[in-house]
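Written out below as structure tokens is the structure these notes cover.
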Amino acid sequence: MYVILIGDPVNGFIVAGPLHDTDDAGAAGEWARAKYGVGGADWWEVELCPVENENGDEPTVVVCDCNVEGGFTFYGFKTHKAARLWATPLHGVVMELLSIDREDIASAA
């Protein structure tokens, strides 16, 4: 499972998703940049690290283990509460996922 990270260090980042291996990440990334990007915002496809999810639901929030020197790692969670409980001891950043509008992407293509 993947997410799309949109933005830049000056204006900040947002995250959209989730995406599956069968989704067109390129189209989703360009859609997200056009809809949510500011100025010269760029986008990246980022794999979600697995976190136990008892129901197997798709994530609605992610935790970013934001280590500038070691890179960013994203973990997906179904609820904000679960993400916050997991992230707090690690000083992670909890971010709501923007939903991918697949119909909007298809009509733009």
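The values are calculated or read from the model by the stated rules, or taken from the named source; none is laboratory data. Keep in mind that what you see is a predicted model, and the values were worked out from it rather than measured. When we count neighbours, we look across all protein chains shown, and the Cβ atoms used for this are built from the backbone with ideal geometry, even at glycine.
Structure data summary
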{"quantity": "Test result for residue 60, of a type in the set (Ser, Thr, Tyr), surrounded by fewer than 19 Cβ atoms within 10 Å (Cβ to Cβ) and touching a Ser or Thr at 6+ places or on another chain (Cβ under 8 Å)", "calculated": "yes"}
{"quantity": "Within the stretch 66-109, tally of residues that are at pLDDT 85 or above, of a type in the set (Gly, Ala, Ser) and surrounded by 14 or more Cβ atoms within 10 Å (Cβ to Cβ)", "calculated": "4"}
{"quantity": "Some residue of the stretch 19-35 being assigned to a strand (DSSP E or B) and either touching a residue at least 40 places away in the same chain (Cβ under 8 Å) or of a type in the set (A, V, I, L, M) (or both)", "calculated": "yes"}
{"quantity": "Check on residue 59, farther than 20 Å from residue 105 by Cα and assigned to a loop (DSSP other than H, G, I, E, B)", "calculated": "yes"}
{"quantity": "Any hit, the stretch 46-56, residues being of a type outside the set (D, E, K, R), touching a helix residue (DSSP H, G or I) at 6+ places or on another chain (Cβ under 9 Å) and at pLDDT 85 or above", "calculated": "no"}
{"quantity": "Residues of the stretch 14-30 satisfying the condition of being of a type in the set (A, V, I, L, M, F, W, C) and at pLDDT below 85", "calculated": "25"}
